[in-house]
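No lab work stands behind these numbers, since they all come straight from the coordinates. Just so we're clear, the structure is a prediction, and the values are computed from it rather than from any experiment. A quick note on method: Cβ atoms are made from the backbone with ideal geometry, for glycine too, and the neighbour counts reach across all protein chains shown.
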Amino acid sequence: MNEYKTDWEQLYLDEFTPWDTGQPDSHMIQAVTELPIKPCPVLDIGCGTGESSIWLAVHGFKVTGVDISETAIQISRAKPGGKRCTFITMDFLKAPAVRKDFGFVFDMGCFHVFHEEEEREQFAKKVAECLLDNSLWLSICGSCDGPEYGPPRLSAIEISKAVEPYFEILYLKASEIDKLTREELETLGLPPGTTPKAWECLMRKRCGTAAE
């Protein structure tokens, strides 16, 4: 069991999951409904307990949700609507691609956990390998704006350097992580009303990139 899996699995076992709002991600819902993104095969990387995956499946997408925590995957499968999705325990950065014909990839807080430049570039390449040409990747990352608390923080330069060999950035805009409950804020030792800052990054895969 590698370091990442040990850490994330233990957090789920300890029920220390303040990032889990119990709701599908609002940035993803807005992107899917307003662009719009039509139903297609979707990969949800770091799907956690599956709320966003299930929302997508209910709205006609064929969803594969992957997470490094077996406990998170078990919770996802047991939820109402969980059987609509394919949930898989895997280390996305190290495992072979589950398929290479996805039309949309979503990650909420997975890309930003990698602190090393090389790992971020590897992550972006792996996402590109999973997507058809011209397909979309939406990533929600912690940003360097505001106080130093909450999720891991990436700068706009760090994001663009990792992804631009494989993706055209359609927008990279300042946003906020979906609101945490009072209990979740207390768990993190944060004051009431705290809303961690985030980047919302929508990217389109460049044609012919990330070929093996």
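Sum up the charges of everything whose Cβ sits under 10 Å from the Cβ of Ser135, counting Lys and Arg as +1 and Asp and Glu as -1, but leave Ser135 out. Residues close to Ser135 contribute a combined charge of 0. Look at the dipole of the chain built from charges on Cβ: of His27, Ala174, Gln122, the Cα furthest out on the positive end belongs to His27.
Among residues other than Pro39 whose Cβ falls under 15 Å from its Cβ, what is the net charge (Lys/Arg +1, Asp/Glu -1)? Net local charge, Pro39 excluded: +1.
Remark: the Cα gyration tensor places the range 42-163 in the prolate category, a/c being 1.5 or greater and a/b exceeding b/c.
About its Cα centre, the chain has a charge dipole of approximately 940 debye under the convention of +1 per Lys or Arg Cβ and -1 per Asp or Glu Cβ, with nothing else charged. Each Lys or Arg adds one and each Asp or Glu subtracts one; over the other residues with Cβ under 14 Å from the Cβ of Ile157, this totals -2.
Okay, helix-only estimate at 222 nm for the chain: each DSSP H run of n ≥ 4 adds -39500 (n - 2.57), divide by all residues, round to 500 deg cm²/dmol; what do you get?
My calculation for the chain gives -9000 deg cm²/dmol from helical runs alone.
Most tightly packed first, judged by the mean number of other beta-carbon atoms within 10 Å of their residues, the peptides 27-39, 53-65 read 53-65, 27-39. Cross-link partners of Lys62 among lysines, defined as those whose alpha carbon lies under 18 angstrom from its own and excluding same-chain residues fewer than eight positions apart: Lys38, Lys79, Lys83, Lys100. Cross-link reach is defined here as a Cα-Cα straight distance under 28 Å, omitting same-chain residues fewer than 8 places apart; for Lys197 the lysines meeting it are Lys5, Lys125, Lys126, Lys161, Lys173, Lys179, Lys205.
When DSSP beta bridges are restricted to pairs lying wholly in the range 1-99, around 0% turn out antiparallel. So if we plug the beta-carbon distance of Lys125 and Thr86 into 1/(1 + (r/R0)^6) with R0 = 25 Å, what FRET efficiency do we get, rounded to 0.05? With R0 = 25 Å, the Cβ-Cβ based efficiency is 0.65. If both residues of a DSSP beta bridge must be in the chain, then about 45% of such bridges are antiparallel.
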